[in-house]
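Quick notes on the structure that follows.
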Amino acid sequence: MPAPTVIHDRRDGYHVLTLNRPDRLNAFNDELHAALREALASCAAEDECRAVVLTGAGRGFCAGQDLSNRVNMGDERPDLGATLEANYNPLVRAIRALPKPVICAVNGVAAGAGANIALACDIVIAAKSAKFIQAFSKIGLVPDSGGTWFLPRLLGEARAKGLALTAQPLSADDAERWGLIWKVVDDADLMAEAEAQARAFADGPTAAYALTKQAIHAAGTNTLDQQLDLERDYQRQAGFSDDYKEGVAAFMEKRKPDYRKR
Ligand code: LHQ
C-alpha cells in the first residue's frame, strides 16, 4: 500500500490533516489535491469535527506545485489556468468557506502555492525555522492561490510587491512582526500549540466562529454600511442560538460554558 498523500487524524473535537509527500516537501500533485479536497469535505460534514489543523510531514510545510513533471516538456505548453481552476481555486475556497476554524501549523518552508494555502487558513502558527517564499517569479509565474489578494490586504502594497517580485524568503519571525501570521513558536512546540488552539476551538461556539470568519471575509469588499447590516443579521442569528443561551448562563453562574453538549 503506498503511503496516503494526506494523513487524516480524527481527535476529540478536531481533525489534523497532514500533507504527506515529505521527500518532495509536500509539493502538490493531483493525488494530494484530491485527498485534501476529500479530507476537508469530511471536516465540513462531520459534526464531531469542530476545528481543523493543517500541517506538513517532514521538514517542509508545502513547496507549492510539484514541478517534477514539468521538465522536458518540449513544445508542450501546459494550461496552468486549468490547473488552478481544477485544483487550487477549489482548495482556497473550501478552506475559506469551511464553517469551522482552520489552523495552519507551518512546520517548515511554505513556498509558492504552499505559502498562499497557509495564508488562506484562519489562524497561522509557524515554527521558528519556517519561512514563506512567494517563489512564483523565479519560474516565470504569477502568485496564485489567492496570494495577490491576501498579501496586499495583510501587508499593504509595498511589502506585497516586495515579496512577490523578489521571491525573497520571509522568516517566521518577520512574518509575525509584519502581521502576516498569528504567531511564531519554537519548533518543538508547534504541534502542541496548534492542537491546544484546536481543542480550545472545539470547546467553543462553532456557529459563532463560522459567522465571525465569514463576516471578516465579507469586510474585504463591503462598505461600512453593508458591514453593519451584515453584523446585524449575523448577530441576530447568533443571538437565537443555544450557544448564546449557554454562554450567558455560564457567565452568570460563574462556570465554564459547555458548548459541546448541544
Ligand atoms: C520539489 C519541489 C517542487 C517538486 C522541492 N516540486 N519537487 C500552480 C498552478 C500550476 C502550476 C504551477 O504552479 C502553481 C503554483 C506554484 O506553487 S508555483 C511554485 C512552485 N514551487 C516552487 O517553485 C518552489 C520550488 N522549491 C524550492 O524552491 C525549494 O525546494 C525550497 C526553497 C522550497 C526548499 O529548498 P531546500 O530546503 O533547499 O530543499 P530542496 O530544494 O533541496 O528540496 C528538497 C527536495 O524536494 C528536492 O528533491 P531531491 O530529490 O533533490 O532531494 C527537491 O527537488 C524537492 N522539491 N520543491 N515544487
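Straight-line cross-link partners of LYS261 among the aspartates and glutamates, defined as a Cα under 14 Å from its Cα and at least 8 positions apart when in the same chain: ASP12, ASP47, GLU48, ASP203, ASP242, ASP243, GLU246.
In the stretch 160-218, what GluC sites (Glu not before Pro) fall in a loop by DSSP, with at most 11 other Cβ atoms inside 10 Å?
Numbers: sites: GLU176, GLU193, GLU195; in loops: none.
Within the stretch 160-218, no GluC sites (Glu not before Pro) qualify (loop, at most 11 other Cβ atoms within 10 Å).
Only Cα sites of the stretch 48-99 enter the Debye sum here, all with the same form factor; the resulting log10 I(q)/I(0) across q = 0.14, 0.15, 0.22, 0.32 1/Å is -0.58, -0.65, -1.03, -1.22, listed in q order.
By the beta-carbon count within 10 Å of each Cβ, the least crowded to most crowded order of MET1, MET252, MET191, fewest first, is MET1, MET252, MET191. Placing unit charges on each Cβ (+1 for Lys and Arg, -1 for Asp and Glu) gives the chain a dipole about its Cα centre, and among CYS49, LEU230, VAL102 the Cα reaching farthest toward its positive end belongs to LEU230.
Each other residue within a Cβ distance under 12 Å of LEU67 adds +1 if Lys or Arg and -1 if Asp or Glu, for a net charge of +2. Report the Stokes-Einstein translational diffusion coefficient (µm² s⁻¹, integer) for the stretch 1-94, Rh taken as the Kirkwood radius over Cα pairs, at 37 °C with viscosity 0.692 mPa s. Calculated translational D: 229 µm²/s. For GLY146, neighbours were defined as the other residues whose beta-carbon sits under 12 Å from its Cβ, and their charges (Lys and Arg +1, Asp and Glu -1) total +2. Per-residue extension of 0.36 nm, minus the Cα-Cα distance of ALA192 and GLU157, leaves a gain of 9.2 nm for this segment.
Apply the a/c threshold of 1.5 to the C-alpha gyration tensor of the chain and tell me whether it is rounded, prolate or oblate. Mind showing how you got there, number by number?
Numbers: a/c = 1.83, a/b = 1.55, b/c = 1.18.
Prolate, because a/c is 1.5 or more and a/b exceeds b/c.
Taking the inverse of the average 1/r across all pairs of different Cα atoms in the stretch 149-262, what Kirkwood radius in Å do you get? Write down the numbers at each step before the final one.
On the way: mean 1/r = 0.0576 Å⁻¹.
After inverting the pairwise mean of 1/r, the radius is 17.3 Å.
Computed about its Cα centre, the charge dipole of the chain is approximately 380 debye, with only Lys, Arg, Asp and Glu carrying charge at their Cβ.
Among LEU141, ALA250, ALA175, which residue has its Cα positioned farthest towards the positive end of the charge dipole of the chain, with +1 placed on the Cβ of Lys and Arg, -1 on the Cβ of Asp and Glu, and the dipole taken about the Cα centre? Sorting the options by dipole projection puts first ALA250. Ranked by the mean number of other Cβ atoms within 10 Å of their residues, highest first, the peptides 212-218, 142-148, 78-84, 124-130 fall in the order 124-130, 142-148, 212-218, 78-84.
Hydropathy first: keep DSSP H helices in the chain averaging at least -1.0 on Kyte-Doolittle, then drop any whose Cα extent along the axis falls short of 20 Å, and list what survives. Intermediate values should be presented prior to the final figure.
Values: long enough: 30-45 (22 Å, 0.36); 224-239 (22 Å, -1.59).
For the chain, where a helix must reach 20 Å along its axis and average at least -1.0, the hits are 30-45.
Averaging the sequence gap over all C-alpha pairs within less than 8 Å and six or more residues apart, then dividing by the number of residues, gives the chain a relative contact order of 16 percent.
Highest average first, the peptides 151-159, 62-70 ordered by how many other beta carbon atoms sit within 10 Å of their residues are 62-70, 151-159. Among residues other than GLN168 with Cβ under 14 Å from its Cβ, the summed charge is +3 (Lys and Arg +1, Asp and Glu -1).
Throughout, read-outs are computed from the coordinates displayed, never taken from laboratory work. The structure displayed is predicted, hence computed values, not measured ones. As a convention, Cβ positions derive from the backbone with ideal geometry for all residues, glycine included, and neighbour counts pool all protein chains shown.
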